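> Following this message is one structure expressed as structure tokens.
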Amino acid sequence: MAVGMLWTYCMVVCLGMALIGNVVLGQGPNPFLPDGGRKRREMVPAMFIFGDSLIDNGNNNDLPSFAKANYFPYGIDFNGGPTGRFSNGYTMVDEIAELLGLPLIPAYSEASGDQILHGVNYASAAAGILDITGRNFVGRIPFDRQIQNFQTTLDQITDNLGALDAAEALAKCIFFVGIGSNDYLNNYLMPNYPTRNQYNGQQYADLLVQKYTQQLRRLYNLGARKFVVAGLGRMGCIPSILAQSNAGVCSEEVNRLVLPFNTKVKTMMNSLNANLPGARFIYIDIAHLFQDLVANARTYGFRVVNRGCCGIGRNRGQITCLPFQTPCNNRDEYIFWDAFHPTEKVNIIMARKAFSGDTSVVYPINIQQLANL
């Protein structure tokens, strides 16, 4: 569920909340803030965000890219209007930041000065685990480069705080990673890519998770310890895929294709938790959350589950939301905002369930429990 569906200066917040005097990270004032950070109770010093369009908040705005959302009606329900978020309002990480007591995390492309004190968002629409993913959109920032951008941030923090304080602070930060959708939607399933002829579904999942493991280990080696990893949703049910069927039904072929990836990511996380000292990885089961929303749509107040609020063609998914297109009025009754992405209401529901839910949706502990460790 990404362009074509889930950062970075969390380090600064992390570092800013390092033990200074008797101040405990995440449980006292942030000494880097003008007011001492006493206006809110921050559960963690900062959150670093890595991923794709499901959580991008503007990193593609100045890129030569077709994957952009910095135009109306994107942001129609966001205070300040269009920002580059692929939503009518909040993304999932926006809500999680608020639940953690943090302000909204700025995009890496725009963050400067005090803006970076609570974290940074490195996510980029059309980005994938593989560097080649999303090339049909031209400009994008693959996961490897997002990690490089974070390392730039880390170097700056270490210069200011020193290696020991920086490392101690960073270990308290949340690292949210949501990526992989584009490796299917804008790589494996694209006719102009050779990938499908090179790998079957199991082999491709193996390739992705092997690379993904290396990337998460890189973040660990840079000092990250608390990881939130979002799984892939039921991508066979997004409007873009529904529109490819005359009957407008979910593609079980696509849903089955993604299953091995999610299964292998869970196995990978169990291995990393067991083998990386001090590491805590948790997994958000996005597919399960989506199934619950569809199965109990009326309970949640949803009326439309199979087409976008903004888009053109069958299921409003053949062409995604265009500049100044008029979206639906009853946005809170829609699960999908455009051809690929959920509405703000879905993002908020999923974030809250990931924050305080049980092991059926977030495993082995939830984000609130992770933050309190």
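> Give me Arg352, Arg225, Arg280 ranked fewest to most by other Cβ atoms within 10 Å of their Cβ, as a rough exposure proxy.
Arg352, Arg280, Arg225
> If I stretch the segment between Ser112 and Tyr193 completely, what's the gain in nm (0.36 nm per residue apart, minus their alpha carbon distance), one decimal?
Going from the current span to full extension adds 25.4 nm.
> So between Asp165 and Val138, what do we pick up on full extension, going 0.36 nm a residue minus the alpha carbon distance?
5.8 nm
> Still on this model: Can you give the local net charge around Pro239? Use residues other than it whose beta-carbon is closer than 12 angstrom to its beta-carbon, Lys and Arg +1, Asp and Glu -1.
Spelling it out: positives minus negatives among the neighbours equals +2.
> Please find the FRET efficiency linking Asn329 to Asn296, where r is the Cβ-Cβ separation and R0 is fixed at 25 Å, and quote it to the nearest 0.05.
FRET efficiency, Asn329 to Asn296: 0.60.
> Moving on to the next point. Could you work out the helix-only [θ] at 222 nm for the chain, with each DSSP H run of four or more residues adding -39,500 (n - 2.57) and the total divided by the number of residues, to the nearest 500 deg cm²/dmol?
-10500 deg cm²/dmol
> Counting only DSSP beta bridges with both residues in the chain, tell me the antiparallel percent, nearest 5.
30
> Show me the GluC sites (Glu not before Pro) within the stretch 79-165 that DSSP assigns to loop and that have at most 10 other Cβ atoms within 10 Å of their Cβ.
Here no GluC sites (Glu not before Pro) fit, given the DSSP loop and packing criteria.
> Let me ask something additional. Evaluate the relative contact order of the stretch 86-196 (contact order divided by residue number), counting alpha-carbon pairs under 8 angstrom at least 6 apart; express in whole percent.
21
> Straight-line reach from Lys264: which lysines have a Cα under 27 Å away, not including same-chain ones fewer than 8 places off?
Lys172, Lys211, Lys226, Lys353
> A further question on this structure: Explain nothing, just the number: relative contact order of the stretch 251-373, from Cα pairs under 8 Å at least 6 residues apart, as a whole percent.
Computed value for the stretch 251-373: 21 percent relative contact order.
Every read-out reported here was derived from the displayed coordinates using simple, explicitly stated rules and does not represent laboratory data. Keep in mind that what you see is a predicted model, and the values were worked out from it rather than measured. All Cβ positions, even for glycine, are placed from backbone atoms using ideal geometry, and neighbour counts span all protein chains on display.
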